[in-house]
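**Student:** To start, I am sharing the structure in question, which I have written as structure tokens.
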Amino acid sequence: MSGWLLVALCAAAGSYCLLRLRDSVGAQRGSVGGEALMGFGMAAMAVPAAVLTPPRWVWVGYVVVFAGAALHTLLRAGGSGHRLHHLLGMLAMVYMAGAMALAPAGAHSAHTAGSGSGAPLITGVLLVYYAGYVLWAGARLLPVPATAGPEGGRGTALAGWGERPELALVCRLSMGIAMLAMLLTL
């Protein structure tokens, strides 16, 4: 059941990012597109092994796709913290897909605890990073006291749902939690 919840969470985050992509322009568009790719890629990777055990070439395909996305992110990264987060996310996807590609044949079960796949140091560093990211993003969602606007807080237009920064942060937080869960099972 938890595998399907992870698939649903990642697919929902990817779908929301696709909807945000319509209203995005310039560098923001590339960032939102990367988030959509991450959401759908994580959803596909999280499908429970009892339902679908992909052949090795699928995992190699994931490695190629996310390595290309990481290269694209690296080439346009101008030192922005958010772009560096995207780069690390793409590299984490390459790492997880590579671990699955190198797992014994038919072992989508490498997504089970104690499988011994992957390098423990890299997994540990990624776990620490994503645990910190989830705490940081979650703390940014805490409510702050509202200040009254020029008309007592009324008369201001509400932003469209695609333009609301807290929804984008919830999407990123959801994917951070999902990445943390996937790394824990690696």
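The values are calculated or read from the model by the stated rules, or taken from the named source; none is laboratory data. Remember, predicted model here, so these are calculated numbers, not experimental data. Positions of Cβ are backbone-derived with ideal geometry, glycine not excepted, and every protein chain shown enters the neighbour counts.
**Student:** Is there a residue in segment 131-154 that is surrounded by fewer than 18 Cβ atoms within 10 Å (Cβ to Cβ), within 25 Å of Val65 (Cβ to Cβ) and modelled with pLDDT under 70?
**Tutor:** no
**Student:** Can you tell me which of (1) under 22 Å from Phe40 (Cβ atoms); (2) modelled with pLDDT of 50 or more is the one Ala105 doesn't meet?
**Tutor:** Just one mismatch for Ala105, condition (1).
**Student:** Which residue pairs have Cβ atoms closer than 6 Å, lie 6 or more positions apart in sequence or on different chains, and pair a first residue in segment 170-183 that is in contact (Cβ under 8 Å) with a residue 12 or more places away in the chain and of a type in the set (Lys, Arg) with a second residue that is surrounded by fewer than 19 Cβ atoms within 10 Å (Cβ to Cβ) and outside any helix (DSSP H, G or I)?
**Tutor:** none
**Student:** Further question on the same structure: Out of everything in segment 18-39 that is modelled with pLDDT of 85 or more and surrounded by 17 or more Cβ atoms within 10 Å (Cβ to Cβ), what residue ends up being nearest to Arg76 (Cα to Cα)?
**Tutor:** The residue in question is Glu35.
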